[in-house]
Amino acid sequence: MATPLRFTSWAKALQAIALVVAVTLSMGTSNDSGRVYDLSHRLMCTCGCAQMLGECNQMGCAESARAKAELTAAIASGKTDRQILDTFAAKYGATVLAAPTTKGFDLVAWIAPVAVFAAALMGTILLVRRWSVGRTQLPAEPANPEIDALREQIRRETEAGIEGGF
Amino acid sequence: MAAFGSFALLLALALAAYNLFAGTAALRLLASGRPARISADRLADTARRAGIASFVAVTAAAVALAWSALTNDFTITYIAEHSNRALPAPYKFAALWSGQEGSLLLWAWLLGGYGFILRLTHETEVKLYAYAGTILAAVEVFFLAVVNFAAPPFSLLKGAIPDDGNGLNPLLQYPEMVIHPPLLYLGYVGFTIPFAFALGALMMRYPGETWIKVTRRWTLVSWLFLTLGIVVGMHWAYGVLGWGGYWGWDPVENASLMPWLTGTAFLHSVVMQERKGMMKSWNIWLIFATFMLSILGTLLTRGGLVSSVHAFAQSSLGTWFMVFLAIVLAVCVLTYIFKRNHLKSEQRIESLVSRESSFLFNNLVLLTACFVILWGTLFPILSEFVEGSKITVGAPFFDRVAVPIGIFLLFLTGVGPLLPWRAASLQAIRRNFLLPALAVWATVIGGITAGVQPWQDGAFDIGRLYALVAFALAAGVLTAILSEFLRGARVIVRQTSCNLFAAIYLLIRRNTRRYGGYCVHIGVVVAMIGLAGAAFNRSMESELALHDRMGIGPYTLENAGGSQDTNTNYNSESVLLDVYRGGKRVFQVAPERRTYLASDQPQTMAAIHSGPGGDLYVIYEGTDSDTGHPIIKALLNPLVGWIWTGLVFIVFGTLVALTPGLRPIAATVRMPAVRTAPAEAALKGGD
């Protein structure tokens, strides 16, 4: 007889995955040698090209060269990443940051996707569980080794059959 | 030619409007059953024929615009703004979709083309096709109204006629540009057909799942075109934008991905409806959403709602599209509310660990991805509304939020097909998952041993962790799919004694949908490996005097001189770089800078050398103002080629899935004699 997996083991597995994701997401690069590259990919170019500072390749773009020089000087002066980003935001406006911050209304940008996914996931799991629990249980058939063997043979021989696909 | 084109467009609008109103009247007559002076069938047939004629008229308009571009008719504003005499003929033709008015005409023409095929094949399900044809006519009326009144492509230039045009945007003068927009539009527009059938089937309470069977090929073809359009667009961006990437999470790129995600979800969940009669409301809303997201994409592209690197075709058309979108949403909601009783599921999911459940989770993940992209794309507008100031939601946001979702989707791609229908037993799970799980762990160990660690120079790198997880999952999914092929092929080998390759061919022919789908999954996995490879990209920038060298990865680049060229379209300047590997000169690249004469706009042309280890991507960034030496940026992008290879598998798999399969084999199994139960005997008329 088929043994359906218990919900709790899946819930534990999901919790473990969520923990791993949360831990990994909370970690960031701390490699100083790559800070110019890293920060130039967290800032937008101000020349109007709609590209990140580290990727602006507009011909003769004076803005990106100047901003990269500012960035290098800020790193050399010992400022932290946060201080550098704040300085750029204060000077060029909030649109210079390539992603929302984690303060004020910006935080909603980060929370909403996680909240929607979590709600949809929980909703789906609860719905399927309600359906599977509410399902009318058919009485178990008496065991018949011949029929079981036949079923296994049919399963093997029809695996190349017609189910699935799009 | 301008007068002819304008008249053709007006005629097309009038015919589409007749199709809409006569079609609606005929369907009302049919529904009411009341006798009328003209029979409903004849009225519906005139509506259908008007739809066909409308396509002929809009074709005439499209030909007129193409002819005007090819013959340099600068009396037409659109041609003067988007073409010039020296422009090569293919790009003159491509100028049709490089501007606002032309691209909307292309949209209307493709819509008419799809409608033309639909109306010619109406005999299979006359009433359903009549509903779908009428709904399609409503969409055609909107687009034809836009090109007639809001963005007319044949408006005449005021004042003196120039000797030459402004030329085509240099970014668009690239071979893929000739095919990328039509492919993308074929995808966007194509989803109108399943939308029309879904809405029509709901309106008429069409019984059964026939509308899904009717639209399956339309949906697959549209999905294929959209996929092709997106990936060819990525290739175009990679080659022409000159930053070494192919996807920047730009709003216009996002606009193409959203309907792709919901369309993909629809393709999976309709299997549930076909097999189990489940998810009927869900499927209806998925296809509604796919169509509306296609329109939303156009609104984002045209309406100037969000700033974009693709901002060459913005205007104030946003209001038109917003009103249309609101009408479509209202019609969908109202129709659903009044007819939803028709959509009750016949069965329910029995277990959380089953094929049905995996489809549900697959849909959940795809729709979450769609929501995340929509949310990120529209958040700047929301932020401006709430806080009064706009913010940027760029690649760092999407990378952080969408990449984990993509990895989860990759996981489901492997798990879903291995789960049996209804419920999975532990034994079945062990049997099906053993090999893929081994492949996952072998890849993790092999990857870390080979240097694919989630840390670099002592620092943790989340991109590399994602890449390692993606490689491992990809190995698991590929193992799972290949074992499915082998298991099925072995059965055929036993049955027919043919060799393994012939058995695989026969296996695919017997069930084109299933194994075509697996080929598409292989393509997606291969493309994901290519995307994950971005974590290992390297770049180097250096000023190179003559015979100076710079190294990147296994390559050394040496400045071997420069060259200049000129033609009627542009002036170019390039740097010749000899590329050495292991001390041996292996090839030469020549990154280029062009200045287009008509528009006086500069353009970078990257030099890309693709090899088994990845792409060497070289950009000539300009010259140092003090020394006059060229500044060269070189990037080493491993695994990029896998993305384009993945597309080949996706196209092949979709074409296989579109091919009718052979009739399933009739297995003859000898049944042991079973004693007839009393109840069964009673049913058979026994005593």
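Using Cβ counts within 10 Å as a stand-in for footprinting exposure, how do B:ILE481, B:ILE337 rank, fewest first?
Going from sparsest to densest Cβ surroundings: B:ILE337, B:ILE481.
Taking Cα atoms of the protein assembly as shown, Rg/Rh with Kirkwood Rh, to two decimals?
Here Rg/Rh amounts to 0.99.
If packing is taken as the mean number of other Cβ atoms within 10 Å per residue, what is the order of B:114-127, B:467-480, highest first?
Per-residue mean Cβ counts within 10 Å order the peptides as B:467-480, B:114-127.
How big is D, in µm² s⁻¹, for segment A:30-97 by Stokes-Einstein at 10 °C and 1.306 mPa s if Rh is the Kirkwood radius over C-alpha pairs?
Estimated diffusion coefficient is 134 µm²/s.
Using label points projected 7 Å from each Cα along Cα→Cβ, tell me how many nm separate A:ALA69 and A:TRP110, to one decimal.
Computed distance between label sites A:ALA69 and A:TRP110 equals 3.4 nm.
If each residue of separation counts as 0.36 nm, what is the full-extension length gain between B:GLU387 and B:LEU486 once their alpha-carbon separation is subtracted?
29.8 nm
So what's the net charge close to B:ASN84: Lys and Arg +1, Asp and Glu -1, counting the other residues with Cβ under 14 Å from its Cβ?
Neighbourhood net charge equals -3.
Relative contact order of chain B, please, whole-number percent, based on alpha carbon pairs below 8 angstrom and at least 6 residues apart.
With pairs under 8 Å counted, the relative contact order is 10 percent.
Report the label-to-label distance for B:LEU156 and A:LEU126 in nanometres (one decimal), using points 7 Å from each Cα along the Cα→Cβ vector.
6.7
Please give the FRET efficiency for B:LEU662 paired with B:ARG205, using the beta carbon to beta carbon distance and R0 = 35 Å, rounded to the nearest 0.05.
It comes to 0.50.
Could you give the C-alpha radius of gyration of segment B:538-637 expressed as a fraction of 2.2 N^0.38 Å, taking N as the number of residues it contains?
Computed over Cα atoms of segment B:538-637, the ratio equals 1.08.
According to the square roots a ≥ b ≥ c of the eigenvalues of the Cα gyration tensor, what is the shape class of chain B, taking rounded for a/c under 1.5, prolate for a/b larger than b/c otherwise, and oblate for the remainder?
It comes out oblate by the Cα gyration axes.
If we count other beta carbons within 10 Å of each Cβ, what is the order of B:ASP250, B:ASP45, fewest first?
Listing B:ASP250, B:ASP45 from fewest to most nearby Cβ atoms yields B:ASP45, B:ASP250.
Taking 0.36 nm per residue of sequence separation and subtracting the Cα-Cα distance, how much length would be gained by fully extending the chain between B:VAL333 and B:HIS629, in nm to one decimal?
The B:VAL333-B:HIS629 span can extend by a further 100.2 nm.
Give me the distance between the Cα centres of segment B:180-253 and segment B:145-171, rounded to whole Å.
29
Would you kindly work out the equivalent ellipsoid of segment B:88-127 from its C-alpha gyration tensor and give its semi-axes, the square roots of five times the eigenvalues, largest first in whole Å?
Largest first, segment B:88-127 gives 31, 11, 4 Å.
So what is the calculated 222 nm ellipticity per residue for chain B, using -39500 (n - 2.57) for each DSSP H run with n of 4 or more, over all residues, to the nearest 500 deg cm²/dmol?
Calculated at 222 nm, the ellipticity per residue is -21000 deg cm²/dmol.
Order of B:ARG494, B:ARG400 from fewest to most other C-beta atoms within 10 Å?
Neighbour counts put them in this order, fewest first: B:ARG494, B:ARG400.
Please compute the modelled spin-label separation between B:ILE445 and B:ILE38, points set 7 Å along Cα→Cβ, answer in nm with one decimal.
Using points 7 Å along Cα→Cβ, the separation is 7.7 nm.
Within 10 Å of each Cβ in B:371-382, how many Cβ atoms from other chains are there, averaged over the peptide?
3
Every number here is computed from the coordinates shown, using simple stated rules; none is lab data. Every value quoted in this text rests on a predicted model; they were computed, and no experiment measured them. Ideal geometry is used to build each Cβ from the backbone, glycine not excepted, and the neighbour counts take in all protein chains shown.
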